[in-house]
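Colleague: If you scroll down you'll find the structure; I have some questions about it.
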Amino acid sequence: MKTDDLILLLASDTVAVEPRVWRRRYALALGAGVIGAVLLMLAMLGVRPDIAVVMQIPAFWMKFAFPGALATVALLAASRLSRPGVPLGAVAWAIPVPVLVIWLLGVIELSGATPEQRDMLFWGTTWATCPVYVALLSVPAFIVLLWVMKTLAPTRLALAGAAAGLLAGAVGAAAYALYCPESGASFLGVWYVLGMMIPTVLGAIIGPRLLRW
Amino acid sequence: MNEVKNKALSDSETRLRDLFIRGLAGDAAVYQVFLQELSTHLRSFLRRRLSRLPDDVEDLVQEILLAIHNQRHTYDADQPLTAWVHAIARYKLVDLFRSRSRREALNDPLDDRQDLFTDAETEVADARRDLAVLLEQLPDNQRLPIVHMRLEGLSVIETARATGLSESAVKVGVHRGLKALAVLIRSKHEN
């Protein structure tokens with residue numbers, strides 16, 4: 001087929017293109033991912049019974065603010081990495097900021113605590129299962145986000161996969177926080193982060209194969 | 001010198017971007033002009049970078065045009081068109097180098113002499129890979145609309161009548177067929 005014939009063929013495809021369609025797709029994927037994570041959390045773990053009481057405590061909200069901040073920057077990164085020729089720009093610098101802030105809060109919190117309090121803040125009683133559950137709860141978002149990304153055109157596939165994985169991880173972490181009985185910033189900074197790293201690294205590994213177009 | 005070059009770049013950026021945006025809004029004739037002008041830019045861009053693989057230039061021009069068409073929903077009107085097109089062309093070029101080096105590592109060493117007498121600037125090569133052959137592999141509901149509309153020059157309404165499909169099924173068939181064609185090309189690279 002000659003190139004001119006191909007051009008005629010392409011011009012005959014008149015299916016309309018919705019401007020900035022990625023916004024709607026990411027919004028839908030994120031909504032589906034959040035609903036999936038919450039349903040999975042309810043099925044596997046259930047909301048912590050003292051939720052009404054702890055909602056009065058700022059530390060409880062920190063467990064949503066932290067993954068929420070990470071989700072925001074990861075969403076910006078994923079949306080940029082899904083489109084050819086759009087640089088990451090300042091978003092690249094914003095990604096580690098929420099983690100650095102929670103580490104700083106963790107250090108402040110631990111330095112002001114007694115040794116027994118320190119153990120409780122850092123290890124809690126659920127440190128071993130927390131990363132696993134965060135990763136498990138991120139699965140629905142991970143699948144739909146990569147699926148959306150595949151309908152777009154990422155050109156840096158490992159980075160794009162990692163951004164989708166981080167966003168899914170943050171969704172999983174926020175859903176897990178509804179169950180999680182811990183309250184230390186250092187607990188978030190280590191065990192939540194570890195849990196979110198699992199889908200992030202997985203996304204970076206499978207991105208180059210899965211997202212090709 | 002640089003100023004002249006920058007002026008030429010911003011002129012064609014403005015012109016192509018305008019054509020593309022009108023094309024995206026549904027003006028097929030303008031879209032065709034856009035693709036035609038774009039293909040000349042792509043050809044010279046690729047010839048400079050594929051001086052050792054001149055036979056691959058036209059294949060890659062076609063592959064990039066198809067990719068640009070299939071991914072046109074990822075263009076943001078606020079974004080420079082040059083950056084968007086360049087990122088796609090670069091991605092496909094790297095992809096070609098990658099599949100080439102894999103194949104050559106297996107059994108097909110590049111003959112360095114082949115480019116000695118090749119004048120890439122004036123040569124008008126045919127594509128080596130015939131997309132028409134790949135089109136034959138598509139399912140009927142995609143292949144028939146494409147064959148009737150393009151190769152026989154029928155309109156959507158005429159094609160719908162000839163194939164017994166609805167008009168929207170004809171449009172969707174062409175649309176999906178072009179996506180499927182890109183997938184077929186990619187699976188060829190991987191073999």
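The values are calculated or read from the model by the stated rules, or taken from the named source; none is laboratory data. These numbers were taken from a predicted model, which means no experiment stands behind them. Please note: Cβ atoms are built from the backbone with ideal geometry, for glycine as well, and neighbour counts cover all protein chains shown.
Colleague: Residue B:185: among the β-branched types (Val, Ile, Thr), touching a residue at least 40 places away in the same chain (Cβ under 8 Å) and in contact with an Asp or Glu (Cβ under 7 Å, 6 or more places away or on another chain), yes or no?
Modeller: Details: among the β-branched types (Val, Ile, Thr): yes; touching a residue at least 40 places away in the same chain (Cβ under 8 Å): yes; in contact with an Asp or Glu (Cβ under 7 Å, 6 or more places away or on another chain): yes.
Yes: the conditions hold for residue B:185.
Colleague: Assess whether residue A:200 counts as being assigned to a loop (DSSP other than H, G, I, E, B) and not aromatic (Phe, Trp, Tyr). Even if it seems obvious, please write down each step before you answer.
Modeller: Details: assigned to a loop (DSSP other than H, G, I, E, B): no; not aromatic (Phe, Trp, Tyr): yes.
So residue A:200 does not fit the description; no.
Colleague: For residues that are crowded, with 20+ Cβ neighbours inside 10 Å and not charged (D, E, K, R), tally how many sit in the range A:25-49.
Modeller: At the first step, the residues of the range A:25-49 found to be crowded, with 20+ Cβ neighbours inside 10 Å are A:25-26, A:29-30, A:33, A:36-37, A:41.
Those left that are additionally not charged (D, E, K, R): A:26, A:29-30, A:33, A:36-37, A:41.
Total meeting the criteria: 7.
To keep it simple, each residue is scored yes or no on (1) over 28 Å from residue B:171 (Cα atoms); (2) among the acidic types (Asp, Glu); (3) more than 12 Å from chain A (Cβ to nearest Cβ); (4) free of Cβ contacts under 8 Å to residues at least 40 places away in the same chain.
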residue: B:7; (1), (2), (3), (4): yes, no, yes, yes
residue: B:11; (1), (2), (3), (4): yes, yes, yes, yes
residue: B:29; (1), (2), (3), (4): no, no, no, yes
residue: B:33; (1), (2), (3), (4): no, no, no, yes
residue: B:54; (1), (2), (3), (4): yes, no, yes, no
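Colleague: Of the residues that sit in the range B:68-85 and are surrounded by 22 or more Cβ atoms within 10 Å (Cβ to Cβ) and among the hydrophobic types (A, V, I, L, M, F, W, C), which one is farthest from the chain's Cα centre (by Cα)?
Modeller: B:81
Colleague: Just the residues that are within 8 Å of chain A (Cβ to nearest Cβ) and under 16 Å from residue B:41 (Cβ atoms), please, taken from the range B:83-95.
Modeller: B:83, B:84, B:85, B:86, B:87, B:88, B:90
Colleague: Looking for something assigned to a helix (DSSP H, G or I), of a type in the set (S, T, N, Q) and more than 14 Å from chain B (Cβ to nearest Cβ) - is there at least one such residue anywhere in the range A:174-188?
Modeller: Going through the range A:174-188, the residues assigned to a helix (DSSP H, G or I) turn out to be A:174-177, A:185-188.
Adding the requirement that they be of a type in the set (S, T, N, Q) leaves A:186.
Keeping just the survivors that are more than 14 Å from chain B (Cβ to nearest Cβ) gives A:186.
Taking every residue of the range A:174-188 in turn, at least one turns out to be assigned to a helix (DSSP H, G or I), of a type in the set (S, T, N, Q) and more than 14 Å from chain B (Cβ to nearest Cβ).
Colleague: Pick from the range B:145-191 the residues that are over 20 Å from residue A:5 (Cα atoms), over 21 Å from the mean Cα position of the chain (by Cα) and part of a helix (DSSP H, G or I): which of them is farthest from the other protein chains (Cβ to nearest Cβ)? Steps first, answer last, please.
Modeller: Applying the first criterion (over 20 Å from residue A:5 (Cα atoms)) to the range B:145-191 yields B:157, B:160-169, B:186-191.
After this cut, where a residue has to be over 21 Å from the mean Cα position of the chain (by Cα) as well, the list is B:157, B:160-169.
Keeping just the survivors that are part of a helix (DSSP H, G or I) gives B:157, B:160-163, B:167-169.
Values: B:157: 13, B:160: 13, B:161: 16, B:162: 15, B:163: 14, B:167: 11, B:168: 9, B:169: 12 Å.
Among residues in the range B:145-191 that are over 20 Å from residue A:5 (Cα atoms), over 21 Å from the mean Cα position of the chain (by Cα) and part of a helix (DSSP H, G or I), the one farthest from the other protein chains (Cβ to nearest Cβ) is B:161.
Colleague: Filter the range A:56-72 down to the residues that are in a loop (DSSP other than H, G, I, E, B) and either closer than 17 Å to residue A:188 by Cα or among the β-branched types (Val, Ile, Thr) (or both) and list them by number. Break it down stepwise before answering.
Modeller: Residues of the range A:56-72 that are in a loop (DSSP other than H, G, I, E, B), as a first pass: A:56-57.
Passing the criteria: only A:57.
Colleague: Report every pair of residues separated by at least 6 positions or lying on different chains whose Cβ atoms are under 6 Å apart, first residue within the range A:89-114 and assigned to a helix (DSSP H, G or I), second of a type outside the set (A, V, I, L, M, F, W, C).
Modeller: What qualifies is A:102/A:189; A:103/A:189; A:106/A:186; A:106/A:189; A:110/A:118; A:110/A:186.
Colleague: From the set of residues in the range B:131-173 that are among the hydroxyl-bearing types (Ser, Thr, Tyr) and free of Cβ contacts under 8 Å to residues at least 12 places away in the same chain, which is nearest to residue A:16 (Cα to Cα)? Break it down into steps so the answer makes sense when it comes.
Modeller: Within the range B:131-173, the subset among the hydroxyl-bearing types (Ser, Thr, Tyr) is B:155, B:159, B:163, B:166, B:168.
Among the residues that remain, those that are also free of Cβ contacts under 8 Å to residues at least 12 places away in the same chain are: B:155, B:166, B:168.
Numbers: B:155: 17, B:166: 17, B:168: 12 Å.
Filtering first and then ranking leaves B:168.
Colleague: Does residue B:43 satisfy the criteria of being surrounded by fewer than 22 Cβ atoms within 10 Å (Cβ to Cβ) and under 26 Å from residue B:133 (Cβ atoms)?
Modeller: Working: surrounded by fewer than 22 Cβ atoms within 10 Å (Cβ to Cβ): yes; under 26 Å from residue B:133 (Cβ atoms): yes.
For residue B:43, the condition - surrounded by fewer than 22 Cβ atoms within 10 Å (Cβ to Cβ) and under 26 Å from residue B:133 (Cβ atoms) - is met.
Colleague: Then there's this: Looking only at the range A:19-33, decide whether some residue is within 14 Å of another protein chain (Cβ to nearest Cβ), in contact (Cβ under 8 Å) with a residue 12 or more places away in the chain and not in a helix (DSSP H, G or I). Show your work before the answer.
Modeller: Step one: filter the range A:19-33 for residues within 14 Å of another protein chain (Cβ to nearest Cβ), giving A:19-26.
If we keep only those that are in contact (Cβ under 8 Å) with a residue 12 or more places away in the chain too, we end up with A:22-23, A:25-26.
Pick out the ones that are also not in a helix (DSSP H, G or I) and you get none.
Checked against the condition, which is being within 14 Å of another protein chain (Cβ to nearest Cβ), in contact (Cβ under 8 Å) with a residue 12 or more places away in the chain and not in a helix (DSSP H, G or I), the range A:19-33 yields no hits at all.
Colleague: Yes or no: residue B:19 in a helix (DSSP H, G or I), of a type in the set (A, V, I, L, M, F, W, C), within 19 Å of residue B:88 (Cβ to Cβ) and within 14 Å of another protein chain (Cβ to nearest Cβ)? Reasoning before the result, please.
Modeller: On the way: in a helix (DSSP H, G or I): yes; of a type in the set (A, V, I, L, M, F, W, C): yes; within 19 Å of residue B:88 (Cβ to Cβ): yes; within 14 Å of another protein chain (Cβ to nearest Cβ): yes.
Yes; evaluated as a whole, the condition is true for this residue.
Colleague: Let me spell it out: the conditions are (1) at pLDDT below 80; (2) among the small types (Gly, Ala, Ser); (3) on the phi > 0 side of the Ramachandran plot, and residue B:125 meets all of them except one. Which number is the exception?
Modeller: (3)
Colleague: It is to be established whether one or more residues within the range B:65-77 are more than 7 Å from chain A (Cβ to nearest Cβ), outside any helix (DSSP H, G or I) and in contact with an Asp or Glu (Cβ under 8 Å, 6 or more places away or on another chain).
Modeller: no
Colleague: Taking the condition in contact with a helix residue (DSSP H, G or I) (Cβ under 8 Å, 6 or more places away or on another chain), over 26 Å from residue A:20 (Cα atoms) and either of a type in the set (S, T, N, Q) or in a loop (DSSP other than H, G, I, E, B) (or both), does residue B:51 pass? It would help to see each step written out before you state the result.
Modeller: Numbers: in contact with a helix residue (DSSP H, G or I) (Cβ under 8 Å, 6 or more places away or on another chain): yes; over 26 Å from residue A:20 (Cα atoms): yes; either of a type in the set (S, T, N, Q) or in a loop (DSSP other than H, G, I, E, B) (or both): yes.
The answer is yes for residue B:51.
Colleague: Is it true that residue B:132 is at pLDDT below 90, closer than 30 Å to residue B:165 by Cα and surrounded by fewer than 20 Cβ atoms within 10 Å (Cβ to Cβ)? It would help to see each step written out before you state the result.
Modeller: Working: at pLDDT below 90: yes; closer than 30 Å to residue B:165 by Cα: yes; surrounded by fewer than 20 Cβ atoms within 10 Å (Cβ to Cβ): yes.
When the stated conditions are applied, residue B:132 passes them.
Colleague: I'd like the full set of residues that are among the β-branched types (Val, Ile, Thr), in contact with a helix residue (DSSP H, G or I) (Cβ under 8 Å, 6 or more places away or on another chain) and closer than 23 Å to residue B:184 by Cα, limited to the range B:127-173. Working first, answer last.
Modeller: Taking the range B:127-173 as the starting set, the residues that turn out to be among the β-branched types (Val, Ile, Thr) are B:133, B:146-147, B:156-157, B:159, B:163, B:170, B:172.
This time we only want the ones that are in contact with a helix residue (DSSP H, G or I) (Cβ under 8 Å, 6 or more places away or on another chain), so: B:146-147, B:156-157, B:159, B:163, B:170.
Answer for the range B:127-173, where residues must be among the β-branched types (Val, Ile, Thr), in contact with a helix residue (DSSP H, G or I) (Cβ under 8 Å, 6 or more places away or on another chain) and closer than 23 Å to residue B:184 by Cα: B:146, B:147, B:170.
Colleague: Test residue A:175 against the stated conditions and say whether it is within 24 Å of residue A:18 (Cα to Cα), in contact (Cβ under 8 Å) with a residue 12 or more places away in the chain and of a type in the set (Gly, Ala, Ser).
Modeller: On the way: within 24 Å of residue A:18 (Cα to Cα): no; in contact (Cβ under 8 Å) with a residue 12 or more places away in the chain: yes; of a type in the set (Gly, Ala, Ser): yes.
For residue A:175, the condition - within 24 Å of residue A:18 (Cα to Cα), in contact (Cβ under 8 Å) with a residue 12 or more places away in the chain and of a type in the set (Gly, Ala, Ser) - is not met.
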